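A short worksheet on the structure shown next.
The values are calculated or read from the model by the stated rules, or taken from the named source; none is laboratory data. Everything numeric here is computed off the predicted structure, so don't read it as measured data. Cβ sites come from the backbone with ideal geometry, for glycine too, and all protein chains shown count toward neighbours. The protein model used for the area step is the full one, side chains on, heavy atoms only, and it has no ligands, DNA or RNA in it. Shrake-Rupley method; radii C 1.70, N 1.55, O 1.52, S 1.80 Å.
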Amino acid sequence: MRLIFMGPPGAGKGTQAERITTAYNIVHLSTGDLLRMNVKRGTELGQLAHSYMDAGELVPDDLILKMVAAEFKDPKIENGFILDGFPRTVAQATALDDFLIQEGKHLNHVLVMDVIDEKLVARLTARRTCRICGRSYHLSFNPPKKPGICDNDGSELYQREDDKEVTVRNRLAVYKRQTRPLIEHYMKKGMVKHIDGVGTVDEVFDRIREVLGPCD
Ligand code: AP5
Ligand code: MG
């Protein structure tokens, strides 16, 4: 299964993608997670990307496309993938279309998570993220079992630099200006499935499963 996961910052893409990848045995490709890994390791890409990320602006297309092309060379994607946070611009969507045509592959669905702005701000400003595996928690809605510690690997949780309110609001504006227009691009191909992203994590996952069908 090949999926694109779209939706504003804080819609729950990372949270749900983790469940989808486990249930459907596909790879989670999050450009945000890949970029944060590069920043942490201090790679050339990380050094070029980090100021855009901290300001809530998009990283330039050429850097993103080079990074994604390297991921697509990995045989791990043969079983299917969910693209979380990519494509985010018309240029990225066009490059993905070209790649899929070239490889003779098609997308199954473009899932768009819908959540209103004020809920997004509340979700992101109280999000905590694992330094090692990147899993997201929320101080009230989705807390870890032990405060400050990741349930998955016992590592420390931290607040992402771009989860401060002023940056969150800029990320929402950037999403509306540069990424939301892509929904139209995929609507024309008849691929878009809207998912109501409000409710518990389990309720939202049930809605996704209804769209994707049985896991086996
Ligand atoms: P990226 O990491 O992709 O961030 P984003 O799209 O802004 O989305 P988030 O990760 O913030 O939110 P999410 O939808 O994954 O929500 P989550 O599940 O964590 O990108 C970061 C930056 O990298 C960009 O700003 C840009 O600079 C750069 N970048 C990345 N890709 C790029 C690209 N392709 N081109 C250019 N630049 C790029 O959940 C959020 C919170 O809500 C958590 O606290 C969670 O616990 C909670 N939550 C989840 N589900 C629920 C629920 N059902 N009810 C209540 N709370 C919930
Ligand atoms: Mg995410």
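Computed quantities for the displayed model
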{"read-out": "Shape call, the stretch 66-216: gyration tensor on alpha carbons, a/c limit 1.5", "value": "prolate"}
{"read-out": "Dipole of the stretch 65-190, positive direction: furthest Cα of Leu83, Pro147, Ile132, with charges on the beta-carbon", "value": "Pro147"}
{"read-out": "Cα gyration tensor category, rounded, prolate or oblate, for the stretch 1-125 with a/c compared to 1.5", "value": "oblate"}
{"read-out": "Dipole of the chain, positive direction: furthest Cα of Val112, Val39, Gly213, with charges on the beta-carbon", "value": "Val39"}
{"read-out": "Percent of beta bridges antiparallel (DSSP, the chain, rounded to nearest 5)", "value": "30"}
{"read-out": "Distance (nanometres) between label positions extended 7 Å along Cα→Cβ at Val198 and Thr125", "value": "1.8"}
{"read-out": "Apportionment of accessible area to carbon and sulfur, the chain, percent (1.4 Å)", "value": "52"}
{"read-out": "Summed side-chain charge close to Gly14 - residues other than Gly14 whose Cβ falls under 12 Å, Lys, Arg +1, Asp, Glu -1", "value": "+4"}
{"read-out": "Partners for Lys105 among lysines (Cα-Cα distance below 16 Å; same-chain residues under 8 apart left out)", "value": "Lys73, Lys76, Lys189"}
{"read-out": "Efficiency of FRET from Cβ geometry, Leu139 and Ala173, R₀ 22 Å, rounded to 0.05", "value": "0.35"}
{"read-out": "Calculated [θ] (222 nm, deg cm²/dmol) that DSSP helices of n ≥ 4 give over the chain, each run adding -39,500 (n - 2.57)", "value": "-14000 deg cm²/dmol"}
{"read-out": "Cα gyration tensor shape for the stretch 158-216, rounded if a/c is under 1.5, else prolate or oblate", "value": "oblate"}
{"read-out": "Amide proton proximity set for Met113, modelled H, under 5 Å, gap of 5+", "value": "Met6, Gly7, Ile195"}
{"read-out": "Where the chain is the region considered: accessible area per residue in Å², 1.4 Å probe", "value": "51"}
{"read-out": "Set of aspartates and glutamates near Lys66 by C-alpha distance (under 16 Å), chain-local residues within fewer than 8 positions excluded", "value": "Asp33, Glu44, Asp74, Asp97, Asp98"}
{"read-out": "Those lysines that a straight Cα-Cα span of less than 24 Å connects to Lys146, excepting residues fewer than 8 apart in one chain", "value": "Lys13, Lys164"}
